[in-house]
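Working notes, beginning with the structure itself.
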Amino acid sequence: MTRPPFRIGQIVPSSNTTMETEIPAMLRSREPILPERFTFHSSRMRMHRVVKEELEAMNAEGLRCAAELADARVDVMSTACLVAIMAMGPGYHRQVEEDLRRVARENHCDAAVMTSAGALVAGLKTLGARKIALMAPYMKPLTQAVVEYIEHEGIEVLDALSFEIPDNLEVGRRDPMQLLDDVKRLNTANADVVVLSACVQMPSLPAIQIAQDRLGLPVTSTAVSTVRQMLDHLGLAPVVPEAGALLAAPSAQPLTRIA
């Protein structure tokens with residue numbers, strides 16, 4: 001008997017247009033080589049501008065969204081906003097996950113619960129990263145909050161570029177291939193991993209593998225890290241073609257840094 005599709009649930013900022021694009025794209029792209037199938041479900045929290053006041057207000061809506069996704073009996077439930085959690089202070093993703101899990105259980109849903117913020121941290125640790133470089137669309141104070149959050153988790157951030165785009169819709173319209181030029185301005189000399197997009201709204205998926213091949217070191221993003229943790233929670237092979245080292249098949253060739 002064929003297993004029903006896994007139900008993927010996301011709690012999404014209302015102006016986010018990327019996580020409901022990149023997450024399904026990655027999981028669909030593994031379907032020609034692996035047997036699992038997926039359906040995608042979301043609940044939305046109001047947010048237009050990526051500023052701390054709106055992020056705090058949006059976070060308050062997360063529990064309502066968790067209850068709504070619980071009604072769909074999703075198999076995994078994840079937040080789809082990194083900075084809203086990281087801007088609240090070190091380690092905050094653990095509290096959010098605990099709160100979401102409580103609401104899911106109160107509403108008779110046994111879904112695995114996670115956050116995109118926690119997924120990025122976990123993904124970097126899976127890659128063995130001690131030193132990283134990252135790019136983000138945020139205003140500089142919010143990027144600094146992200147840097148401090150990651151460093152509190154024991155990972156040094158050697159360099160960070162801020163594109164300073166406050167309008168979340170504009171972030172989502174950014175050409176992902178532009179990141180291939182942007183990364184040339186990033187100091188990656190001593191980095192173990194490059195985070196091409198430390199933001200769930202800034203598109204990056206088409207550029208991930210190309211950047212990795214050019215740089216010769218692991219390249220990931222918050223969206224890629226989210227898919228990795230989703231697959232781990234579901235007990236599925238963490239493999240997605242052309243999505244960088246974190247989702248590479250075990251037989252993938254080791255990386256060689258290009259001088």
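The values are calculated or read from the model by the stated rules, or taken from the named source; none is laboratory data. Predicted model only: the values in this text are computed from it and were never measured. Positions of Cβ are backbone-derived with ideal geometry, glycine not excepted, and every protein chain shown enters the neighbour counts. Keep in mind that these areas ignore ligands, DNA and RNA; they rest on the heavy atoms of the full protein, side chains included. Shrake-Rupley method; radii C 1.70, N 1.55, O 1.52, S 1.80 Å.
Results, tabulated for the structure shown:
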| item | result |
| --- | --- |
| Qualifying residue in region 181-198 (condition: open to solvent by less than 10 Å² (accessible area, probe 1.4 Å), at pLDDT 95 or above, under 24 Å from E36 (Cα atoms) and in contact with a Pro (Cβ under 9 Å, 6 or more places away or on another chain)) | no |
| Wholly enclosed helices (runs of 4 or more DSSP H) of region 81-134 bearing at least 3 residues open to solvent by 10 Å² or more (accessible area, probe 1.4 Å) and under 21 Å from S43 (Cα atoms) | 92-106 |
| Whichever residue in region 1-25 is of a type in the set (G, A, S) and open to solvent by less than 40 Å² (accessible area, probe 1.4 Å) and, among such residues, is farthest from M45 (Cα to Cα) | G9 |
| Any chance A145 is in contact (Cβ under 8 Å) with a residue 60 or more places away in the chain, open to solvent by 10 Å² or more (accessible area, probe 1.4 Å), at negative phi and assigned to a helix (DSSP H, G or I) | yes |
| Selection count where residues are touching a residue at least 40 places away in the same chain (Cβ under 8 Å) and not in a loop (DSSP other than H, G, I, E, B), scope region 201-212 | 2 |
| Check on R28, out of contact with any strand residue (DSSP E or B) (no Cβ under 6 Å at 6 or more places or on another chain), part of a loop (DSSP other than H, G, I, E, B), open to solvent by 60 Å² or more (accessible area, probe 1.4 Å) and at pLDDT 95 or above | no |
| Criterion violated by L169 - all others in (1) surrounded by fewer than 19 Cβ atoms within 10 Å (Cβ to Cβ); (2) more than 18 Å from the chain's Cα centre (by Cα) satisfied | (2) |
| Scope region 185-200; condition within 25 Å of I85 (Cα to Cα), aliphatic (A, V, I, L, M) and either out of contact with any strand residue (DSSP E or B) (no Cβ under 7 Å at 6 or more places or on another chain) or assigned to a loop (DSSP other than H, G, I, E, B) (or both); matching residues | L186, A191, A198, V200 |
| Filter result for Y138 (in contact (Cβ under 8 Å) with a residue 12 or more places away in the chain and in a loop (DSSP other than H, G, I, E, B)) | yes |
| Residues being open to solvent by 10 Å² or more (accessible area, probe 1.4 Å) and in a helix (DSSP H, G or I) - total across region 213-244 | 8 |
